[in-house]
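Take a look at the structure below.
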Amino acid sequence: DDYLTKPFDFPELEARLRALLRRSRALKASTELGQLSMQRETRSAQVRGEMLELSPREFDLLDLLLTHQGRVITKEQINQAWSGDRAAPSASDGAATNAVEVYIHRLRRKLEGAQVAIRTVRGLGYLLELERA
């Protein structure tokens with residue numbers, strides 16, 4: 001969620017890294033929404049108490065959506081979150097957009113019965129919210 005342009009000062013880089021570390025420590029160890037429960041320490045998630053089989057990418061996507069629940073996450077933000085992963089397609093790659101769509105589709109199927117929905121906000125991105133009754 002942050003970036004530096006070149007050239008940059010090392011004290012500024014250090015300050016930004018410290019801020020990122022503070023924010024990451026502030027995340028709760030577990031998060032619940034509807035019938036979905038996720039534990040960051042064990043990188044696991046359950047729907048109604050049953051373990052979900054999630055790939056590392058699916059878990060990271062779910063974590064990102066839960067962390068920003070109620071807010072739209074763009075495909076670009078998802079790709080940026082994945083950029084630490086060497087297997088992640090680059091944002092300039094046409095496969096990047098398709099990869100996000102594929103993982104969103106897989107995650108939607110796995111979250112059935114969790115009383116949560118990943119909603120597509122046309123032209124913007126994705127939003128995780130409680131299902132409407």
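For the reader, a short list of remarks on this structure follows.
- Checklist (1) closer than 24 Å to THR120 by Cβ; (2) at pLDDT below 90 applied to ARG86, failing item: (1)
- In summary, THR42 fulfils each of the numbered conditions (1) in contact with a Lys or Arg (Cβ under 7 Å, 6 or more places away or on another chain); (2) modelled with pLDDT of 90 or more with the single exception of condition (1).
- Every listed requirement among (1) within 23 Å of ARG122 (Cα to Cα); (2) at pLDDT 80 or above; (3) crowded, with 16+ Cβ neighbours inside 10 Å is met by LEU33 save one, (1).
- Filter result for GLU58 (surrounded by fewer than 11 Cβ atoms within 10 Å (Cβ to Cβ) and at pLDDT 85 or above): no
- Boolean, ILE78 is of a type outside the set (S, T, N, Q), closer than 19 Å to PRO56 by Cα, at pLDDT below 95 and touching a strand residue (DSSP E or B) at 6+ places or on another chain (Cβ under 9 Å): yes
- Among the candidates LEU4, LEU21, LEU13, residue that is modelled with pLDDT under 90, exposed (fewer than 12 other Cβ atoms within 10 Å of the Cβ), part of a loop (DSSP other than H, G, I, E, B) and among the hydrophobic types (A, V, I, L, M, F, W, C): LEU4
- Subset of region 89-120 that is hydrophobic (A, V, I, L, M, F, W, C) and either modelled with pLDDT under 85 or over 16 Å from the mean Cα position of the chain (by Cα) (or both) - its residue that is nearest to MET51 (Cα to Cα): ALA114
The values are calculated or read from the model by the stated rules, or taken from the named source; none is laboratory data. In this text the structure is predicted, and so the values were computed from the model without any measurement. Cβ: placed from backbone, ideal geometry, glycine included. Neighbour counts: every protein chain shown.
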